[in-house]
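As structure tokens, the structure follows; a few thoughts come after it.
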Amino acid sequence: MSKTAESESSITNAETKKAKSSKTKAAKKSAKSSKTKKQTLVIVESPAKATTIEKYLGKGYTVKASMGHLIDLPKSRMAVDVDNNFQPEYITVRGRAKLLKELQKDAKKSDRVLLASDNDREGEAIAWHLNRALKDKTTADIKRIVFNEITPVAIKEAVKNPGEIDESKVNAQKARRVLDRLVGYNLSPLLWEKVKNGLSAGRVQSVALKLICDREDEVEKFIPEEYWTLEADFSKGKTTFTSQLVQYKGEKPNLKSEAEVKKIIDEIQNSECKVVDVKVTEKTVRPKPPFTTSKMQQAAANRLGFNSRKTMQIAQQLYEGIQMGTNRVGLISYMRTDSVRISQTALDEVREWISANHPAELPAEPISYSVGKGAQDAHECIRPTYSKYTPDDVKEYLTRDQLRLYTLIWEKFVSCQMTNAKTATTSVDIKAGDALFRVSSSKLIEKGFYKVVRTLSSKDEVSGNLPSLKKDEVLSSSHKFYPEQHFTQGPARFTDASMVKVLEERGIGRPSTYAPIISTLLDRYYVQRSNKQLVPTELGRMICKILVEAFPGVINEGFTAEVETKLDEVEKNNIVWNNFIGDFYGPFKKRIDEVERSQESIKGFLDETTDKICEKCGKPMMKKLGRFGYFLACSGFPECKNAKSIPLAKCPVDGCDGEIVERKSKGRGRSFFGCSNYPKCSFLSHFKPIVGSVCPKCGWFLVEKFDKKNGTYKSCINPACDYLHSETDEEKIENLADSED
């Protein structure tokens, strides 16, 4: 071959290699490009959840947060077309347009979009709105996925089995939203016109407010009665124990005074003390079902002191994921549920844990619990995602409050699949003259599910210790008696726990709304917390009275519970949501128009002229009602803007002419009551003075106090005075007056 031919051959080979190389690079580039196009966008509600899920799904998945609703009804107007079948007029939520555009841009780059908002009505509505906003901006296939827990298995299973948006669930949310808008946006302007600007009313919150106001009426009408109890010490050998008087002369004691108690003591203190009966009763204690939302809120309030809002905030954190070392783990299942159903996977896992750690307490078969009427059984109970993660295992990764709530949930769930506990209660009756004393003690004879229960431990577990006693045995009396004065307790004000309980029992609201109902009443200052009790303000009571009298068919428990039933029927596709709204709105609007014509305006009705003079301009001060209750404002407003707190009582400090007013501390803004002459006078009280009340013993003012033993009661603020307010106050005052005469 010639050099030219060799040269040409070499060039041809080089070109061929180059061509092949270019082809290979192009193929690789094409393949790489093809791979990058196969991108799935997952949209959840919160950034924390997005972070957890993205780690579980890995490459090929982008997880973004919608931050709740991006599209909703506007706040500035009713936005419900009552002439067009009550169609809502949705808009992009103010401040969310940029986020929506970003999601549309991400959807355009993806070949699949998975809408993973929460598995409830609100979550379904969020997915529905997102679907409508995205489908015209992308060719991607848009699907809906749901899951009950944020774990790798649950998330990957949901991604493998996407579905469609549940239109019936969306319609149920739409019906609730429209109904609440029709009620709120008709009642609120009525209150502005007739009572005061800036007020608001709602369908569910107003019924909850009525419950709180009704209870307050009962509390105020209740007059406490004095009664006494008597305990005595008895001994056997070196062991001394205390027993309570349960019968006197064959009847239950009804001791009204200290004199009656002393009379019994005088009669029996030298009597023979003899055991007349010993009973041992065994009792089986069954584990309780796992948590629903309401039961979790009640337990957190009673055991941990959490209000409902705090409980749900912490539960949300545990559900969305906690950073544990290099992994992010969702520690509990979805926290808005009214079902006690447990998935088979969770049952298998918890039984495996019990078998390994407490084999003797593992029942032969899993324990099932009946789901309440009307519960959404598609949901599970609230439970730990992994039973193997005990509170001790995760405590280093959790805050104190997160750990406390997680412990409640873990104990409740694991114990619900363990064997029963058994207690033995020994009850001993001791006769001393005509008096019968009784003492009891309980002990666990089989721990059963109590082996994993600490935070939720029951009073049934252990109580007291007794020596071995037999019938007819004579005991020694130490002649120590403990008479104690008590006052009967009236109806208890609602707490977060008892409020959630009554809302659930009466079918008012749903698991997702219990905490917001209470929060809304507090935020509107219709209700205030006092010693963890919910107390209506003057403003709240006034609004409640007007609404109940004008709209008894709407502001009542029956109507609110009926609405929840109707919404459930809409979700089951049994009734059409527009028809349901139409049946309500006609009569309601007619009543609104009637009240507008007939209700007299009471604007300024609660304003009162006082004898106090404005120190800035010399004009009279007016007593007015504001968002935070009553206050004093200058009648020369707006020229003079002087305003201050209303005096509640005279300062009791000798030589001080100041008055006690409400003040708020810095930081959390807790109320306390101090002298208006501060800092000259440093007197303060954490208890609110009862306006117009004066102690008949010492002349200081009375306050309302609360403790677990006595409940709510009235007491003198003077630490050196023991005066308690009771039914016999008038007699005490008369006696004091007589003694002074």
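The values are calculated or read from the model by the stated rules, or taken from the named source; none is laboratory data. This structure is a prediction, so every number in the text was calculated from the model and none was measured. All Cβ positions, glycine included, derive from the backbone under ideal geometry; neighbour counts span all protein chains shown. The accessibility values were calculated without ligands, DNA or RNA, using every heavy atom of the protein model including side chains. Shrake-Rupley method; radii C 1.70, N 1.55, O 1.52, S 1.80 Å.
Details
- The set of residues from the range 48-64 being within 18 Å of R112 (Cα to Cα) and either out of contact with any strand residue (DSSP E or B) (no Cβ under 9 Å at 6 or more places or on another chain) or part of a helix (DSSP H, G or I) (or both) comprises A50, I53, E54, Y56, L57, G58, K59.
- Test: residue in the range 92-114 that is within 14 Å of V178 (Cα to Cα) and either open to solvent by 30 Å² or more (accessible area, probe 1.4 Å) or assigned to a loop (DSSP other than H, G, I, E, B) (or both): no
- Hey, D593 of a type in the set (D, E, K, R), open to solvent by less than 60 Å² (accessible area, probe 1.4 Å) and out of contact with any Phe, Trp or Tyr (no Cβ under 7 Å at 6 or more places or on another chain) or not: yes
- Residue within the range 172-193 that is part of a loop (DSSP other than H, G, I, E, B) and touching a residue at least 60 places away in the same chain (Cβ under 8 Å) present: no
- Tally of residues being under 27 Å from M335 (Cβ atoms), charged (D, E, K, R), in contact with an Asp or Glu (Cβ under 8 Å, 6 or more places away or on another chain) and open to solvent by 30 Å² or more (accessible area, probe 1.4 Å) across the range 49-91: 1
- Output for the range 377-425, where each listed residue is farther than 28 Å from V153 by Cα and buried (at least 18 other Cβ atoms within 10 Å of the Cβ): T419, A421, T423
- Any chance K666 is modelled with pLDDT under 85, open to solvent by 60 Å² or more (accessible area, probe 1.4 Å) and more than 31 Å from the chain's Cα centre (by Cα): no
- Within the range 535-546, the residues that satisfy the criterion of being among the hydrophobic types (A, V, I, L, M, F, W, C) and crowded, with 22+ Cβ neighbours inside 10 Å are L539, I543, C544.
- Of all the criteria given as (1) at pLDDT below 90; (2) open to solvent by 40 Å² or more (accessible area, probe 1.4 Å); (3) touching an Asp or Glu at 6+ places or on another chain (Cβ under 6 Å), the one not satisfied by Y482 is (1).
- Among the residues of the range 294-322, the ones that are within 27 Å of Y56 (Cα to Cα) and hydroxyl-bearing (S, T, Y) come to 2 in all.
- Enumeration of residues in the range 186-222 that are touching a strand residue (DSSP E or B) at 6+ places or on another chain (Cβ under 8 Å) and open to solvent by 20 Å² or more (accessible area, probe 1.4 Å): K196, V219
- From the options K263, K279, residue that is in a strand (DSSP E or B) and either over 21 Å from Q489 (Cβ atoms) or open to solvent by 70 Å² or more (accessible area, probe 1.4 Å) (or both): K279
- Candidates E164, E149: the one that is surrounded by fewer than 18 Cβ atoms within 10 Å (Cβ to Cβ), among the acidic types (D, E) and more than 21 Å from P74 (Cβ to Cβ) is E164.
- Residue satisfying condition, being of a type outside the set (F, W, Y), in contact (Cβ under 8 Å) with a residue 12 or more places away in the chain and under 17 Å from V414 (Cα atoms), within set I314, I354, I322: I354
- Test result for E225, of a type in the set (D, E), surrounded by 19 or more Cβ atoms within 10 Å (Cβ to Cβ) and within 30 Å of R541 (Cβ to Cβ): no
- K641 vs. criteria under 30 Å from P719 (Cβ atoms), free of Cβ contacts under 8 Å to residues at least 40 places away in the same chain and open to solvent by 60 Å² or more (accessible area, probe 1.4 Å): no
- Qualifying residue in the range 137-149 (condition: within 27 Å of Y514 (Cβ to Cβ), at pLDDT below 95 and out of contact with any strand residue (DSSP E or B) (no Cβ under 8 Å at 6 or more places or on another chain)): yes
- Extreme residue, nearest to Y56 (Cα to Cα), among residues of the range 144-171 that are touching a Gly at 6+ places or on another chain (Cβ under 7 Å) and not in a loop (DSSP other than H, G, I, E, B): E149
- Residue match in the range 62-75 (condition: at pLDDT 90 or above, within 21 Å of Q323 (Cα to Cα) and among the β-branched types (V, I, T)): yes
- D348 in a helix (DSSP H, G or I), on the phi < 0 side of the Ramachandran plot and either modelled with pLDDT of 90 or more or within 26 Å of the chain's Cα centre (by Cα) (or both): yes
- Positions within the range 511-534 being part of a strand (DSSP E or B), open to solvent by 30 Å² or more (accessible area, probe 1.4 Å) and not basic (K, R), in sequence order: Q528, S530
- Whichever residue in the range 569-589 is closer than 17 Å to F551 by Cα and free of Cβ contacts under 8 Å to residues at least 12 places away in the same chain and, among such residues, is least open to solvent (accessible area, probe 1.4 Å): G586
- Residue within the range 118-132 that is hydrophobic (A, V, I, L, M, F, W, C), in contact with a helix residue (DSSP H, G or I) (Cβ under 6 Å, 6 or more places away or on another chain) and open to solvent by 10 Å² or more (accessible area, probe 1.4 Å) present: yes
- Taking residues in the range 608-625 that are of a type in the set (A, V, I, L, M), and partners anywhere that are loosely packed, with under 12 Cβ neighbours inside 10 Å and in a strand (DSSP E or B), the pairs with Cβ atoms closer than 8 Å and at least 6 places apart or on different chains are M622/T609.
- For beta carbons closer than 9 Å, sequence separation of 6+ or different chains, a first residue in the range 542-566 that is over 17 Å from E504 (Cβ atoms) and among the hydroxyl-bearing types (S, T, Y) and a second that is modelled with pLDDT of 90 or more and in a loop (DSSP other than H, G, I, E, B), there are no qualifying pairs.
- Number of positions in the range 228-245 that are of a type outside the set (D, E) and open to solvent by less than 40 Å² (accessible area, probe 1.4 Å): 9
- Residue check: W353 meets all listed conditions (1) aromatic (F, W, Y); (2) open to solvent by less than 20 Å² (accessible area, probe 1.4 Å); (3) over 30 Å from L534 (Cα atoms) but one, namely (2).
- Positions within the range 550-599 being among the basic types (K, R) and farther than 21 Å from S206 by Cα, in sequence order: K572, R597
- Scanning the range 417-446 for residues that are assigned to a strand (DSSP E or B) and of a type in the set (D, E) yields D429, E446.
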